[in-house]
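K.L.:
I am attaching a structure below and will ask some questions about it afterwards.
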Amino acid sequence: MRPLFIISLLIVIGIIAYRNLPPEWDPAVPLDLRAEPGLMTRVKVSRLAREPEACFAAFAASGMLLTRVPDRPSDVSCGIENAVLLPSSVRVTPRGPTVTCRVAAAWALFERHSLQPAARQHLGTEVVGVRHLGTYSCRNVNSAAAGRRSQHATANAIDIAALLLGDGREVRLVRDWHGDDAEAAFLRAIRDGACRWFRAVLSPDYNAAHADHFHFDMGPSTVCR
Ligand SMILES: [Zn+2]
């Protein structure tokens, strides 16, 4: 067979295959945040992290209501764009923190596909609430006087201090991270699970500034520690 014929044949096969992709494989179809993660999920998550409209489309396609937060421009690199009140299936304390849509999407995936499975596996219960230490704060990394802006300066991050369980227990990072009991295993599973969805995940293993919380963000740097 001639090379031109083979190339044409491959193109035709490619077009037919693309047109018959199941929705979860089709990169143009919005991500269903509730569906079991598949091979294309990561690709779609990185797309919605770049394209706010793809992010809002994912929530709409998933039947999940969002409360938009108006854009707030800033001339000191602390602006808020494409933000929402964090949607959660569990109680969030303090209530209704503002986050970027991409943090909200990563959170929805994390909660459903990592947090609750980890609670069931390690503690035999569900998470019913989370306690956070904030999402938006106009400051630099580690609150340093100089240096680059924190992802918190654009509401592109969330700090988690504790998880409340269905049986009334509270798992706190500052107390339960170190050890070899089920609570410590649960917290490590949360950290590892969060790394599937967020771009940066910092735990007490990272440094002393994170001894009492997880930091999750959707900024440009990737780290999982
Ligand atoms: Zn943080």
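K.L.:
So Ala182 ticks every box in (1) within 18 Å of Thr135 (Cβ to Cβ); (2) in contact with a His (Cβ under 6 Å, 6 or more places away or on another chain) but one. Which box is left unticked?
P.N.:
Condition (1) is where Ala182 drops out.
K.L.:
Scan Leu86, Leu115, Leu133 and give me the residue that is touching a helix residue (DSSP H, G or I) at 6+ places or on another chain (Cβ under 7 Å), among the hydrophobic types (A, V, I, L, M, F, W, C) and either within 15 Å of the ligand (Cβ to nearest atom) or at positive phi (or both).
P.N.:
Among Leu86, Leu115, Leu133, only Leu86 is touching a helix residue (DSSP H, G or I) at 6+ places or on another chain (Cβ under 7 Å), among the hydrophobic types (A, V, I, L, M, F, W, C) and either within 15 Å of the ligand (Cβ to nearest atom) or at positive phi (or both).
K.L.:
Out of segment 88-111, which residues are open to solvent by 40 Å² or more (accessible area, probe 1.4 Å) and under 11 Å from the mean Cα position of the chain (by Cα)?
P.N.:
Arg102
K.L.:
What are the pairs with Cβ atoms under 7 angstrom where one residue, in segment 174-189, is closer than 17 Å to Arg225 by Cβ and the other, located anywhere, is assigned to a loop (DSSP other than H, G, I, E, B)? Sequence gap at least six, or different chains.
P.N.:
From residues that are closer than 17 Å to Arg225 by Cβ, the pairs are Trp177/Pro204; Ala184/Trp177; Ala184/His178; Leu187/Trp177.
K.L.:
Follow-up. Do you know which of the residues in segment 70-87 that are touching a residue at least 40 places away in the same chain (Cβ under 8 Å) and surrounded by 19 or more Cβ atoms within 10 Å (Cβ to Cβ) is farthest from Leu33 (Cα to Cα)?
P.N.:
We begin by selecting, within segment 70-87, every residue touching a residue at least 40 places away in the same chain (Cβ under 8 Å); these are 74, 76-81, 83, 86.
Filter once more, keeping what is surrounded by 19 or more Cβ atoms within 10 Å (Cβ to Cβ): 80, 83, 86.
Values: Ile80: 23, Ala83: 18, Leu86: 14 Å.
Per the criteria, the residue is Ile80.
K.L.:
Same structure again: Looking only at residues in segment 115-159 that are over 20 Å from Arg199 (Cβ atoms) and among the β-branched types (Val, Ile, Thr), which one is least open to solvent (accessible area, probe 1.4 Å)?
P.N.:
Top of the filtered list is Val127.
K.L.:
Please find, within segment 118-130, the residue that is nearest to the ligand (Cβ to nearest atom) out of those that are outside any helix (DSSP H, G or I) and in contact (Cβ under 8 Å) with a residue 24 or more places away in the chain. Spell out the reasoning first.
P.N.:
The initial filter retains those residues of segment 118-130 that are outside any helix (DSSP H, G or I), namely 124-130.
Now narrow it down to the ones that are in contact (Cβ under 8 Å) with a residue 24 or more places away in the chain: 125-130.
Details: Thr125: 27, Glu126: 25, Val127: 20, Val128: 23, Gly129: 19, Val130: 14 Å.
That would be Val130.
The values are calculated or read from the model by the stated rules, or taken from the named source; none is laboratory data. Quick caveat: nothing in here was measured; it's all calculated off a predicted structure. All Cβ positions, even for glycine, are placed from backbone atoms using ideal geometry, and neighbour counts span all protein chains on display. Surface areas here come from the heavy atoms of the whole protein model, side chains and all, with no ligands, DNA or RNA. Shrake-Rupley method; radii C 1.70, N 1.55, O 1.52, S 1.80 Å.
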